[in-house]
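The values are calculated or read from the model by the stated rules, or taken from the named source; none is laboratory data. Nothing here was measured: the structure is a model prediction, and the numbers come from that model. Please note: Cβ atoms are built from the backbone with ideal geometry, for glycine as well, and neighbour counts cover all protein chains shown. For accessibility, only protein heavy atoms count, side chains too; no ligands or nucleic acids. Shrake-Rupley method; radii C 1.70, N 1.55, O 1.52, S 1.80 Å.
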Amino acid sequence: MKIAYEVFFVIIYIHFAYSQNIQTAVKDVGGVVEMKCSVFNTSGVPVAWIKFDKEQPTKTSVLSIGKKLIVRNPRFSVEVGVGNSSYTYKIQNIRDTDIASYRCVVMCDVDDGINTSADIELEVNRSPSILKFSSSPATLIAREGRPSKLECYADGYPEPKVTWSRQFNGILTTGGKFYRGNVLLFPNVTKDDRGTYFCDAMNSDGKGVRHMVEFHVAFAPVITVSNIMYTHRELSKPNMDVQCLVEAYPAPKIDWLYNGVVLLNDKYNRIEGNTTDHTDHQFSFSSLSFLKNNYDQHGKYTCKAQNEIGTAEVTVIERPCTKSNCDPRRVHHKNLPNFYGLTP
């Protein structure tokens, strides 16, 4: 004749009958939880407490069997009721590592083919924290014209809510200033999508946490300022120069060409430049100065910028000749404006 078993839990002194639904106990970090398993008519059959890791369900630990603690830790204890009618597993000074599924198991004879058990989930109230290994890194590079995404996942209890926003209240690719969700999609990246993005995770337990992503967009060079390069002429400075401002990411290599031939720094020309690399703009600047010894050399001067994505170039109008034997169709130096136009 088989023995009938009934299993009950008492959690924080509230009784409930066991069912197939997993019960949940929620406590604070540093608190105490008592999980009580009441059994009847066990006739000396051992009762065990087992811990199941939530992240790795196949990873289990036998905590106690009967009155004996298997996992010895001053924070853990097991108490057995009169006549072995109950088995209470107690955890003091609760930590995040205690978050798990706990099972009380009545270990029946093999011939009976019955293992009666009841489960409880232990959750711990905790402020949100960003799951860095599954979230986007602090710096992410996407390529213009291709899809991309930003991901942000957070841990905490109750489960945090994740919201995306953009620096300076910028408009998101979704069309608004805020987006609720873990994944922010970019179906077709443009250079206007670059910038700083914020992932804010909040729950009712405590303050929110923020994860910041610098979103860079790799794109081919664009020569800005309405495709105009500037030249200036001062009475105190007979040398002339032209300037080229390029927007690109990664930073481009900028060359100056004279009639198609790359120029170098020498006694005739001086080439200078710098790059400012920010998330929301990437500009490179280069200037070509004509030294005094080269003052009468004329021809077409081209600014050419290239990076791994592409190439752009613009050509300044031909520099005039100031000598009397030059082609008369050329513009005389004294009639030149301060701004030179460029042709694509």
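List of remarks:
- Contact map, the stretch 168-183: first residue without any contact (Cβ under 8 Å) to a residue 60 or more places away in the chain, second residue of a type in the set (Asp, Glu), Cβ cut-off under 8 Å, separation 6 or more or different chains; pairs are THR173/ASP193; ASN182/GLU151; VAL183/GLU151.
- Count of the stretch 180-193 residues which are at pLDDT below 95 and touching a Phe, Trp or Tyr at 6+ places or on another chain (Cβ under 9 Å): 1
- The one condition in (1) open to solvent by 50 Å² or more (accessible area, probe 1.4 Å); (2) assigned to a loop (DSSP other than H, G, I, E, B) that GLY31 fails to fulfil: (1)
- Applying the criterion of at least 1 residues that are modelled with pLDDT under 85 and out of contact with any Gly (no Cβ under 6 Å at 6 or more places or on another chain) to the strands (runs of 3 or more DSSP E) found wholly in the stretch 216-322 leaves 228-234, 237-249, 269-277, 282-290, 299-306, 311-319.
- Looking only at the stretch 189-212, and only at residues there that are outside any strand (DSSP E or B) and touching a Pro at 6+ places or on another chain (Cβ under 8 Å), the one that is nearest to ILE309 (Cα to Cα): VAL189
For every residue, the table says whether it meets (1) farther than 30 Å from VAL189 by Cβ; (2) at pLDDT below 90; (3) hydrophobic (A, V, I, L, M, F, W, C).
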| residue | (1), (2), (3) |
| --- | --- |
| LYS59 | yes, yes, no |
| VAL124 | yes, no, yes |
| PRO137 | no, no, no |
| GLY145 | no, no, no |
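Rundown of residues vs (1) without any contact (Cβ under 8 Å) to a residue 24 or more places away in the chain; (2) on the phi < 0 side of the Ramachandran plot; (3) open to solvent by 20 Å² or more (accessible area, probe 1.4 Å), yes/no style:
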site: LEU63; (1), (2), (3): no, yes, no
site: GLY83; (1), (2), (3): yes, no, yes
site: THR88; (1), (2), (3): no, yes, no
site: ASP119; (1), (2), (3): no, yes, yes
site: ILE130; (1), (2), (3): no, yes, yes
site: PHE133; (1), (2), (3): yes, yes, yes
site: THR139; (1), (2), (3): no, yes, yes
site: GLY145; (1), (2), (3): no, no, yes
site: LYS149; (1), (2), (3): no, yes, yes
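- Residue check, THR163 polar (S, T, N, Q) and either out of contact with any strand residue (DSSP E or B) (no Cβ under 8 Å at 6 or more places or on another chain) or under 13 Å from PHE215 (Cβ atoms) (or both): no
- Options LYS207, LYS177; residue that is basic (Lys, Arg) and either open to solvent by less than 20 Å² (accessible area, probe 1.4 Å) or at pLDDT 95 or above (or both): LYS177
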